[in-house]
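**Q** Before anything else, here's the structure in question.
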Amino acid sequence: MRPSLDCWQGRTEERQKIREWMADGNIRLIGITGLGGFGKSTLAAKIYEDDSGEFDKKFWVDVSRRLTFSELARRVLLRLGLSPPTVEAIPELSLVDALVNHLREGRHLLVIDNLESLLQQDGQWLDAIYEEFFHGWLGCGGKSVILVTTRERPDLPEIKLQWLPLPGLSPAEGANLLGALGILGTETELLDFAKKAEGHPLLLTLVAGFLRAEEESNPQISHLQRYGLADVAQLVTDEKLKGLHRGKIDIWMRLVLDASFNRLSDKLQRLLLNLSVYRIPFNAAMADVQLPGEEVSERDLRQLARRSLLQEERDNNGGRWFQFHPFILAYVKQKAGDLTEAHQKAIAYYKENAKSEPWQTISDIAEYLEVFYHCYQMGEYDDAFNTIRLCANFLRLRGYNTVRVELYGQLVKAWQQNNSESWKFAASLNNLGNAYYSLGQYQLAIDYLQQSLVIAREIGDRNGQAKSLGNLGNAYYSLGKYQLAIDYHQQSIAIKREIGDRNGEAKSLSNLGNAYYSLGKYQLAIDYHQQSIAIKREIGDRNGEASSLIGLGSASDSLGQYQLAIDYYQQSLAIKREIGDRTGEANSLIGLGNASDSLEQYPLAIDYYQQSLAIKREIGDRNGEATALFNLGNTLAKLGRKSEALAAYQNARDLYQAMGLDADVQNAENAIQSLFRKTNIWMSLPKAIVGFLLRWVNRLWRLLHTFLRQ
């Protein structure tokens, strides 16, 4: 929902300044800052609607309910024209790069409203991925512009950005706003009141709403005196207001809200208080459930909107939706007290309207996320856990790891405060650790997984122990501690066999195969992958089967069994394409490229690398893109296509540098220097001799590498 522009007034200078910044070409981020109620969102909406004709596409995102970056990025990428399967295939760790790169490709406007919802009180970020995105955009953005509204400035480098502190309206603009809202009075009266109100748009709107409701036929500004609301300078001397550490405008707005609320009917008072449990826009159907046995209509909601207690907007289909201004929401919640029954009614509504599987996007599970929120607000943590458990696999498989971190992080925090030792607490710790693992934060993952293991052992939860042990093995594997990973996987598989968990056993066998491969024990790796694939085929796990096939291909390649490796990679590729796994498809193609290169089928290897590279770029996987480029450079160098090889190496190096992967940067740099040396030494030799020598050097290197790994 964007703020209504029906009564737009003024802001001529501010709009002109923002238009100049957007046209500058060197400014990538514009921020509108100011106190709550000053009209930041309304100004952004005006820019969005009327001053953005130069942009190819534009997007409005409200993050006031702590929208995760994953959700924001996927929504924008879909609007940019990417297909749903492509967007869903982008790993969460690659979403920052994917969004930055696709915004760079065109001239787009992205408005992010209520950015302060993502910040701590000291201006630091609640979600590190948002910080990474903004830093990445400022560092390498293109012609697109990001416009944010916020009460607090985030900690960002002061480059290629501009901040616009938003003041109140001028007296003339304030007077015009009152007139547009239907308030009568002489020009002097309206100007005088707007000046006393310091041009505060929300205060002016609340006053107008109050007068329209109380003085329907003749809403004169001077009639405020009848209600004791004409001049805050007199009001702040009231005994009941002493000791309130607020500005005069804040006090004035609260007094106007008190007057408006007290004049509502009992039904509308109860309705307004109950509606405050909703954190997202609501319609008449959602409002109706809050007063069972009493008919709640759209007219009731519009009556509250007429008093400016709610904001009203229409959707694309003409439906009416309502929500609170943040200041008014805080006021109503403070007045409401215990809202347990209202939360329960909201839960019943969302459960009744929840979508059934299969789910395609996170929007399909929106009702479950709202049920989780309301259960959590009531302190019903077991119910919150049970709710999110229904869609846990969807979140994991689709890569919504920041969503998992937020949800399980809330549960873990609550149960830690209550000193819980339930299996659900252990499972939440385990899921939180897995989410951090998927985000590449391995040490943090280990900390939570160890906590989960301790509780699972204390309460005798064998299944929980096996899961925590296996996940610890994965985390240590990613840190390069392969023997420690093997120890954890061996403990995990023993329990899984004991309790008859065939799927878990297959996963552990595959993980053991990966660990032994990394230790150079290729035949042992093959044995474990073959045991794993047998079980996965037995239980019908197609994705797991394809992953094990990739493991078999890698081990066979390292043993010099190149044609066998190609067979495994081809089988994996067919399955990955069948199930729509774009990341897995790209990985299978890289494997095929490696095996073809080993067989000296260089044109075929190049074709596979280029196919993989196209997918990696499409889904924004920078690490995979760099790997494909580096391998492509190796093959091009063997064919003597030095300029193309050099470009591939340099592009790979630049990507590695951007990701902070120093070891990979050095490998790419070594390849570049080696290319230069070979060019200088052999530039006078016939190409046939050079190719022959390169092939033998490559073979000797692979044999030596295999010997050293074993």
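**Q** Measure nothing fancy, just the Cα-based angle from helix 128-140's long axis to the longest principal axis of the chain, in degrees from 0 to 90, nearest 10.
**A** Approximately 80 degrees, to the nearest ten.
**Q** Just the Kirkwood number for region 431-529, please: inverse of mean 1/r across all distinct Cα pairs, in Å, one decimal. Could the numbers behind the result be given before it?
**A** Numbers: mean 1/r = 0.0752 Å⁻¹.
About 13.3 Å for region 431-529.
**Q** Also, quick follow-up: Would you list 78, 190, 429 from fewest to most Cβ contacts within 10 Å?
**A** Working: 78 15, 190 23, 429 27.
With the fewest neighbours first, 78, 190, 429 line up as 78, 190, 429.
**Q** I would also like to ask the following. Using only the C-alpha atoms of region 490-626, find the volume of their convex hull and express it per residue in Å³. Provide the component values of the computation, followed by the final result.
**A** Values: hull volume 14.7 nm³, N = 137.
Looking at region 490-626, the number lands at 108 Å³ per residue.
**Q** Quick one: putting +1 on the C-beta of Lys and Arg, -1 on the C-beta of Asp and Glu, what dipole do you get for the chain around its Cα centre, in Debye to the nearest 20? Walk me through the numbers before you get to the answer.
**A** Numbers: 80 positive and 86 negative charges, 339 e Å.
Charge dipole of the chain: 1620 debye, to the nearest 20.
**Q** How tilted is helix 542-558 with respect to the longest principal axis of the chain? Cα atoms for both, answer in degrees (0 to 90, nearest 10).
**A** 40 degrees
**Q** So what does log10 I(q)/I(0) come out to for region 74-180 at q = 0.13, 0.16, 0.20 Å⁻¹, using the Debye formula with one equal point on every Cα and no solvent?
**A** -0.60, -0.82, -1.11
**Q** Additional query: First measure r as the distance between the Cβ atoms of residue 479 and residue 658, then evaluate 1/(1 + (r/R0)^6) with R0 = 22 Å and state the FRET efficiency to the nearest 0.05. Display every interim value, and only then the final one.
**A** Working: r = 22 Å, r/R0 = 1.00.
Between residue 479 and residue 658 the formula returns 0.50.
**Q** Label residue 338 and residue 299 with points 7 Å out from Cα along Cα→Cβ: what is the distance between them in nm?
**A** 3.4 nm
**Q** Let me ask you something else. So what does log10 I(q)/I(0) come out to for the chain at q = 0.06, 0.11 Å⁻¹, using the Debye formula with one equal point on every Cα and no solvent?
**A** Results for the chain at q = 0.06, 0.11 Å⁻¹ read -0.47, -1.22.
**Q** While we're on this one: For the residue pair residue 121 and residue 351, what label-to-label distance in nm results when each label sits 7 Å from Cα along the Cα-to-beta-carbon direction?
**A** 3.7 nm
**Q** I would also like to ask the following. Could you compute how fast region 266-337 diffuses translationally, taking Rh as the Kirkwood radius over C-alpha pairs and applying Stokes-Einstein at 37 °C with viscosity 0.692 mPa s? Give it in µm² per second.
**A** On the way: Rh = 12.2 Å.
Value of D from the Cα-based Kirkwood radius: 268 µm²/s.
**Q** Also, I was wondering about something else. What percentages, rounded to whole numbers, describe P(r) for region 12-165 computed over all alpha carbon pairs with 10 Å bin width beginning at zero?
**A** Taking all Cα pairs of region 12-165, the binned fractions are 11, 44, 37, 8, 0 percent.
**Q** Let me ask something additional. Under a Cβ-Cβ cut-off of 12 Å, what is the net charge of the residues other than residue 273 that fall near it, where Lys and Arg count +1 and Asp and Glu count -1?
**A** On the way: positive: 267, 270, 333, 335; negative: 266, 338, 341.
Charge balance near residue 273 sits at +1.
**Q** Would you mind getting me the FRET efficiency between residue 49 and residue 463? Use the beta-carbon distance for r and R0 = 51 Å, nearest 0.05. Present the calculation step by step, with values, prior to reporting the outcome.
**A** Working: r = 55 Å, r/R0 = 1.07.
FRET efficiency, residue 49 to residue 463: 0.40.
**Q** Please compute the length gained on full extension between residue 216 and residue 262, using 0.36 nm multiplied by the number of residues separating them and subtracting their Cα-Cα distance.
**A** Gain on stretching residue 216 to residue 262: 14.8 nm.
**Q** Lysines near residue 642 by alpha-carbon distance under 18 Å, same-chain residues fewer than 8 away left out - which ones?
**A** Result set, ordered by chain and number: 678, 687.
**Q** Right, another one. Using mean Cβ contacts within 10 Å as the protection proxy, how do 365-372, 144-151 order, highest first? Mind showing how you got there, number by number?
**A** Details: 365-372: 21.5, 144-151: 23.5.
With the highest mean Cβ count within 10 Å placed first, the list reads 144-151, 365-372.
**Q** Local charge sum around residue 179 (other residues, Cβ-Cβ under 12 Å, Lys/Arg +1, Asp/Glu -1)? Can you show the working numbers first?
**A** Values: positive: none; negative: 173, 187, 189.
Local charge sum for residue 179: -3.
**Q** Answer with one residue from 138, 108, 120: the one whose Cα lies farthest towards the positive end of the charge dipole of region 108-153, charges on Cβ with Lys, Arg +1 and Asp, Glu -1.
**A** Working it through, the farthest residue towards the positive pole turns out to be 108.
**Q** While we're on this one: Between region 416-433 and region 112-130, what is the separation of their alpha carbon centroids in Å?
**A** 27 Å
**Q** Summing -39500 (n - 2.57) over the DSSP H runs of n ≥ 4 in the chain and dividing by its residue number, what mean residue ellipticity at 222 nm do you reach, to the nearest 500 deg cm²/dmol? Each step should come with its number before you reach the end.
**A** Numbers: 34 runs with 463 residues, N = 710.
Mean residue ellipticity at 222 nm (helix-derived): -21000 deg cm²/dmol.
**Q** For region 12-165, with only Lys/Arg (+1) and Asp/Glu (-1) charged at the beta-carbon, what is the dipole magnitude about the Cα centre, in debye rounded to 20? The partial results should precede the final answer.
**A** On the way: 19 positive and 24 negative charges, 69 e Å.
With Lys and Arg at +1 and Asp and Glu at -1, about 340 debye.
**Q** Let me check I've understood the local charge: for residue 495, count other residues with C-beta under 12 angstrom from its C-beta, Lys and Arg +1, Asp and Glu -1. What total comes out?
**A** On the way: positive: 457, 462, 467, 496, 497; negative: 461, 498, 501, 505.
Net charge in that neighbourhood comes out at +1.
**Q** Along the Cα-to-Cβ line of residue 57, 7 Å from the Cα, sits a label point; which residues in region 76-102 have backbone N less than 18 Å from it?
**A** 76-91, 95-102
**Q** Provide 387, 361 in ascending order of the number of other Cβ atoms located within 10 Å of each residue's Cβ, fewest first.
**A** Values: 387 27, 361 17.
Arranged by neighbour count, lowest to highest, 387, 361 become 361, 387.
**Q** Ok, one more. Any idea which of 589, 524, 568 is furthest toward the positive side of the dipole for region 496-634, if Lys and Arg beta-carbons carry +1 and Asp and Glu beta-carbons -1?
**A** It is 524.
**Q** For labels at residue 644 and residue 316 in the simple 7 Å Cα→Cβ model, what's the distance in nm?
**A** Simple spin-label model gives 4.3 nm for this pair.
**Q** So if each residue of separation counts as 0.36 nm, and I subtract the Cα-Cα distance between residue 418 and residue 450, what length gain in nm does that give? Before the final figure, lay out the partial values.
**A** Details: separation 32, 0.36 × 32 = 11.52 nm, distance 1.92 nm.
In short, 9.6 nm is gained.
**Q** Now for a different question. Would you please give the FRET efficiency between residue 280 and residue 534, computed as 1/(1 + (r/R0)^6) with r the Cβ-Cβ distance and R0 = 35 Å, to the nearest 0.05? Don't jump to the answer; show the numbers that get you there.
**A** Details: r = 48 Å, r/R0 = 1.36.
Result of the calculation: an efficiency of 0.15.
**Q** Just want the answer: with Cβ charges of +1 for Lys and Arg and -1 for Asp and Glu, which residue in 419, 400, 455 is farthest toward the dipole's positive end in region 384-481?
**A** 400
**Q** Round to the nearest 10 and give me the degree value, 0 to 90, for the angle of helix 12-24's Cα axis relative to the longest principal axis of the chain.
**A** On a 0 to 90 degree scale, this one is about 10.
**Q** Might you report the magnitude of the Cβ-based charge dipole of region 238-349 about its Cα centre, with Lys and Arg at +1 and Asp and Glu at -1, to the nearest 20 debye? Spell out each step's value before the answer.
**A** Details: 18 positive and 15 negative charges, 81 e Å.
Dipole magnitude for region 238-349 comes out near 380 debye.
Since every read-out is calculated from the coordinates, none of them should be taken as a lab result. Everything quoted here is computed from the prediction, not taken from an experiment. With ideal geometry, Cβ positions are generated from the backbone for all residues, glycine too; neighbour counts draw on all protein chains shown.
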